[in-house]
Amino acid sequence: MITSGGFAAAFQQLQPEFEKATGIKLTVTRGASQGSGPDTIGAQLGRGFPADVVIMSREGLDDLIAEKRILAGSDINLGQTPLGLAVRAGAPKPDIRTVEAFRQTMLRAKSVTFPGSTTGIYMVKKLFPQLGIANEMAPKTTSTGVAAVAKGDAEIAVQPVSELLHAPGTEFVGTIPKEIQYVSVFSAAMVAGSKEPKAANELLDFLTSEKAKRAIKATGMEPLKPR
């Protein structure tokens, strides 16, 4: 299976429980839900990677459904999470309580990192232009993500909360203002042509269980009804 970063923390908790309960051994790969890079989930499937299940942003999954790479009717919604901000452990926490405070924090920051996937597309294509800071942000943003903040290579990370809450070496500041918020929905589905459809269905069923919902909630997401 392939999972995007936003659901990775929850799945890290769930994988051993699923394997113990079912006896099914999972091989897990990471990939971005959207974007133009060679390691996006779509690009990996396009190269023939033998995935049975994908977990990714709803937008990215809808793209794959439109391309008929997903078994029709197998898609389920798992959880949703808002955008948040994190800094390196011990660093001052900036003010992001209002839209203007967030805007000024972005302008003052020496470097900002965010995923190059669904939320990054939102920030570059919509949020920064909406705030009138697209030109100022362009030279100081990267898509390396929160790990760069932990290393000191970036000052601020703006990502789905589920990617920030338990990131080592960083501190979670809070969610960005609701007026400019973007809530990511993470969904799962079986890949068309899966060689292990029975095991894939067992995994999809497990991902909607009460045990899975607890892990989803613990990692900064709100569980959703599958459909």
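The values are calculated or read from the model by the stated rules, or taken from the named source; none is laboratory data. Keep in mind it's a predicted model, so treat the numbers as computed, not measured. Reconstructed Cβ throughout: ideal geometry from the backbone, glycine too, with neighbour counts over all protein chains shown. Accessible surface areas use protein heavy atoms only, side chains included; no ligands, DNA or RNA. Shrake-Rupley method; radii C 1.70, N 1.55, O 1.52, S 1.80 Å.
Could you list, in sequence order, the residues of region 88-111 that are open to solvent by less than 10 Å² (accessible area, probe 1.4 Å) and either closer than 18 Å to residue 6 by Cα or among the hydroxyl-bearing types (Ser, Thr, Tyr) (or both)?
105
Could you look through region 102-111, keep only residues that are out of contact with any Pro (no Cβ under 8 Å at 6 or more places or on another chain) and in a helix (DSSP H, G or I), and pick out the one that is farthest from residue 124 (Cα to Cα)?
The qualifying residue farthest from residue 124 (Cα to Cα) is 104.
In region 112-131, what residues are open to solvent by less than 70 Å² (accessible area, probe 1.4 Å) and either in contact with an Asp or Glu (Cβ under 7 Å, 6 or more places away or on another chain) or hydrophobic (A, V, I, L, M, F, W, C) (or both)?
Across region 112-131, the qualifying residues are 112, 114, 118, 121, 123, 127, 128, 131.
Which one is farthest from residue 99 (Cα to Cα), of the residues in region 142-167 that are without any contact (Cβ under 8 Å) to a residue 60 or more places away in the chain and open to solvent by less than 40 Å² (accessible area, probe 1.4 Å)?
Only one residue fits best here, namely 148.
With in a helix (DSSP H, G or I), touching a Phe, Trp or Tyr at 6+ places or on another chain (Cβ under 9 Å) and within 22 Å of residue 32 (Cα to Cα) as the only criterion, which of 215, 188 stands out?
215
Check whether at least one residue in region 169-178 is open to solvent by less than 60 Å² (accessible area, probe 1.4 Å) and closer than 14 Å to residue 109 by Cβ, and report yes or no.
yes
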